[in-house]
Structures are given as structure tokens and as C-alpha cells.
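Worksheet for the structure shown next.
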Amino acid sequence: MNAINRLAAAISLTCLLPLSAIAAENGTVEVTHWWTSGGEAAAVKTLREQVEKDGFTWKDNAVAGGGGAAAMTVLKTRAVAGNPPGAAQIKGPDIQEWGSLGLLTNLDDVAKANNWDALLPQKVAQIMQYDGHYVAVPVNIHRVNWLWINPQVFDKAGAKVPTTLDELFVAADKLKAAGFIPLAHGGQPWQDSTVFEDLVLSILGPLGYHKAFVELDESTLTGAKMVEVFKTLQRLGTYMDANRAGRDWNIAAAEVINGKAGMQIMGDWAKSEWTAAGKVAGKDYQCVAFPGTQGSFAYNIDSLAMFKLKNDNDIKAQNDLAKVALEPQFQTVFNQNKGSLPVRQDMDMSQFDACTQKSKVDFEDAEKGDGLQPSMAHNMATTLAVQGAIFDVVTNFFNDPKADPATAVKQLNSAIKSAK
Ligand code: BGC
């Protein structure tokens, strides 16, 4: 057999091999994440497809449960068993905790080859590093302090888009009187605390928010304004569906999309559900800053932290995933589906809808002053232990319509103290 014939035979043999066999030879990357709603799944599919196109196998370890608490439990169990995935959705200060356990791998070579230092905002680059080395790659920037509105429902109820908390209650009363659920909500701890953090940002302002959730400052946590936050939370609860317990956030989003409810307080992953339902931002729905938080931007950066692996081919697959995550094509399609801002600085924003364009402008404005603050409810501001303590107090309070706001602030402060 001459050389050409041998090559042809090899090519035809390769063609006979199933794609999965070729990919397995090239390495596998297992990814633990919680992107399981319709819109989220559409977004993560774009990452999977790119990794597979590059010849690697994607092993999906999706763990349902918004906010990621269930996924984090799975991840811990696997890490303790000595079997972590190649990549996992880990965010904010938690990256430091995993880094300190010595389990994360060094991505500096990928970062250098792909110019991450220049592509990423400095603040974001720092979060992705442990001990001065990249150990995680960011995919997006979500804004948490949004209010989602169905304008048709607002029209029917004669309600106006609110810009202050007082106006929010006026609109909610109109919606209620017209027979709509004013606020769609799912009674799960992370959703309750998403509303809670928006209220802290609105009532205490960005600096007060920082003192409460980043500095964990006792006098802020127990102050009169914090009592007002709990009071307002209790009042908001009276405009939510009584059957909200345990409801997933995307089911709540569907209530607004389908015209059963008028509003939802949720981060901009909610937009992924509107997009998946074929709705257009600015026409079929409106996104406005949560009342009283104009000028502030509570950020939530999704990132994939990478674990140390032994198999060289799997390491190649892991490096490919890290590289793909910041490529412009992926950043565009993923974030169009996910509802978030691309994390790369140099993207053409004309490819994004009105809500994402507004988010970009608001991000840049907030960055100039004190407005840019890490989301407590989405793992960006504190350790998961402190966050868990806050979640418990907020949800217990929210589930008891007779709970006393002044007692709640004391409970909040002591729960945080013992979790620190
Ligand atoms: C994550 C988002 C996700 C949302 C709902 C947030 O904590 O950052 O990516 O869409 O939870 O699951």
C-alpha cells in the first residue's frame, strides 16, 4: 500500500469511528452547573456545542435548582469523594475557598495565550484568580436589581411603571384591584433573598448595602433602615401569590410572560425565559431598575472554576472550555440567550437587545461611582456560610406574616456573627 493509499485508508477508518470515540480520545470535560430552565439550557447548549465542535466530549452534570444551592451540595460531595468534575459553576469569594483547598488548577497559560488580562475588567480578573493565578473563567455579568414588567397587564390595570418604592405599591394595588397577581414570586430562600437584597440597595443605597453585606457592619445590620427593609419586605409579600412556596423562578417568570401576573423582581437571567418564549425586549416586556436602585448595579458574574485533573487529554478538553468561554462568538450567542452582559470589554453591543444595552450603560455609570456592588444572594459578596445565615433569617421572616421586623434585624446580626 503506498503512502497515499495508507492515508486514505486511515481517513476512511476514522470516518467509521463514532464521533464520541474520537472525542473521548481527545478528552472529556465534565461540567457541573445549574442552568436547567428553558432559557438557561439554550444558553449552555451554545458552550457545549463549541467544545464538541473542537473535538472534545462534554459530560453534562446539570443539577436543577435556581441559585445553585443544590449544585454546590453535589460539588462538595464529589470533591470530598476525590472525584470533582473538570469544571464547575463557582462564583465570587467561593472561588477563594476552593482555591485554598488546593483543588483548583492553574489556567495562566490559557489566560496568557488568549489575552485575558486585557479582555476582562480588572475587578473581574481579580475574582477569577487565587493567589495571583487564574483558576476560573468568567462567562458573563448578570445584573440582579431588575424589575420585569408585562406592559399589556399594566395597561389593563391602568398601572404606571414604578421608579420608587411608593410607586411600586401604587402599581401593585392597581394590579391587585384588576385581578392580577401583582408580583410573581417563588418561595425559595435564594429568591426571597434576591428581593431582600434589592430592598437593601433601594433603602440603604449602595454604600449602606456595602456596609451590610460586604463589611457585615453591625450598626448597619441592626439600624433603623434595616428594620424598614424587613417591614417593606413583609408588605411586598402581601402582593405575592399565597401559593408561592417552593415555586421555581422560571415558573414565576412564566406567570408574567403569560399575563397572569404583572411584575417579577429577578436578575436578568429572567430575560432568558422571555427570549425563549419569543418575546421582544422593550415591546412585549419591560425591564427597569428595581425601584430606588437606579444608578446601582448589583453584579453577579457566572464563572467556571477548573479542578486539577490527571489525564492529559482531559486537561486539553478543560483548557479548550476555558478558551472558548471568552471567544467573541460564544460571548455573543451565550449572552443573547442568557440575558446577561458579555464579560469581554470589546464587544459590539448593537447585537444585543434593549435590556442588555441598558444594562451595559448602567454598568458603566455604576462603575464610575459607588453603584457597582456584589450580589449577596448570588454568592458574590460573602462566604456561603454567611450567605446561608442571611437566607435562613430572611426566609423564616418572610414565611411568617406576623414576624416582627425589629426582632428580625437582631436575628440577622447574630446569625451572621456566628457564621463568620
Ligand atoms: C446564576 C444564574 C442563574 C440563576 C438562576 C444565578 O445565581 O448566576 O446564572 O441563571 O442563578 O438559576
Exercise. If you place +1 on the Cβ of every Lys and Arg, -1 on the Cβ of every Asp and Glu, and leave all else neutral, what size is the dipole of region 70-126 about its Cα centre, to the nearest 20 Debye?
Worked result: 180
Problem set entry | Of all DSSP beta bridges in the chain, antiparallel share, percent nearest 5 | 55
Seminar exercise, completed: Quick calc, the chain, dipole around Cα centre from Cβ unit charges on Lys, Arg (+) and Asp, Glu (-), nearest 20 debye, gives 560
Problem set entry | Accessible area of M263 in the full protein assembly, 1.4 Å probe (Å², nearest 10) | 0
Exercise. Is there a pair in K123/K338; K174/K279; K123/K279 whose C-alpha atoms are over 28 Å apart, and which pairs would that be?
Worked result: K123/K279
Exercise. Spin-label point model (7 Å from Cα, Cβ direction): what's the D173 to N115 distance in nm?
Worked result: 5.6
Exercise. For region 187-231, with only Lys/Arg (+1) and Asp/Glu (-1) charged at the beta-carbon, what is the dipole magnitude about the Cα centre, in debye rounded to 20?
Worked result: 120
Exercise. Which residue, chosen from M380, T238, P138, occupies the Cα position most advanced towards the positive end of the dipole of the chain, where the dipole is computed from +1 (Lys, Arg) and -1 (Asp, Glu) charges on Cβ about the Cα centre?
Worked result: T238
Seminar exercise, completed: From DSSP H assignment alone, runs of 4+ in the chain each adding -39500 (n - 2.57), the sum over residues rounded to the nearest 500 puts [θ] at 222 nm at -16000 deg cm²/dmol
Seminar exercise, completed: For the chain, the per residue accessible area (1.4 Å probe, Å²) is 41
Exercise. Normalized C-alpha radius of gyration of region 346-394, against 2.2 N^0.38 Å?
Worked result: 1.57
Exercise. Taking the simple approach of a point 7 Å from Cα along Cα-to-Cβ for both K308 and Q345, what is their distance in nm?
Worked result: 3.3
Seminar exercise, completed: So D155 and K225, fully extended at 0.36 nm per residue minus their Cα-Cα distance, gain in nm 21.8 nm
Exercise. Computed from the mean reciprocal separation of all distinct C-alpha pairs, what Kirkwood hydrodynamic radius does region 29-140 have, in Å?
Worked result: 15.0
Exercise. What is the Cα centroid distance between region 86-123 and region 267-299, reported in whole angstrom?
Worked result: 28
For this session: Please work out the FRET efficiency for the pair D404 and Q126, using the Cβ-Cβ distance as r and a Förster radius of 35 Å; give the result to the nearest 0.05.
Result: 0.30
Exercise. For the chain, what relative contact order do you get, as a whole percent, if you take Cα pairs closer than 8 Å and at least 6 residues apart?
Worked result: 26
Exercise. Going down the list K156/K283; K76/K417; K76/K308; K211/K417; K323/K360, which pairs span over 18 Å between their C-alpha atoms?
Worked result: K76/K417; K323/K360
Problem set entry | Cleavage-rule hits, GluC sites (Glu not before Pro), region 212-310, DSSP coil, Cβ neighbours within 10 Å at most 15 | E215
Problem set entry | Sequence-separation-based contact order of region 160-281, relative, with Cα cut under 8 Å and 6+ spacing, percent | 36
Seminar exercise, completed: A 1.4 Å probe over the protein heavy atoms gives the chain a carbon and sulfur accessible-area percentage of 53
For this session: Go through 68-74, 292-298, 326-332 and give me the packing order, highest mean Cβ count within 10 Å leading.
Result: 292-298, 68-74, 326-332
Problem set entry | Diffusion constant of region 80-183 at 25 °C, which comes from Stokes-Einstein with the Kirkwood Cα-pair radius and 0.890 mPa s, µm²/s | 140
Problem set entry | Residue-wise HN-Hα coupling along region 122-127, computed from phi with Karplus coefficients 6.51, -1.76, 1.60 (Hz; x: Gly, Pro) | 4, 4, 5, 4, 5, 5
For this session: Please report the Cα spread of the chain along all three principal axes, rounded to whole Å, starting with the longest.
Result: 84, 47, 39
Seminar exercise, completed: Dividing the mean separation of Cα pairs under 8 Å (6+ apart) by the residue count of region 262-346 yields a relative contact order in percent of 42
Seminar exercise, completed: Taking Lys and Arg as +1 and Asp and Glu as -1, residues besides K368 with C-beta under 15 Å from its C-beta add up to -3
Problem set entry | Global geometry of region 303-420, whether rounded, prolate or oblate, following the gyration tensor of its Cα atoms and the 1.5 cut on a/c | oblate
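The values are calculated or read from the model by the stated rules, or taken from the named source; none is laboratory data. Small disclaimer: the values here were computed from a predicted structure and weren't measured. A quick note on method: Cβ atoms are made from the backbone with ideal geometry, for glycine too, and the neighbour counts reach across all protein chains shown. Each accessible area value is taken on the protein alone, full model and side chains, heavy atoms only, with ligands, DNA and RNA left out. Shrake-Rupley method; radii C 1.70, N 1.55, O 1.52, S 1.80 Å.
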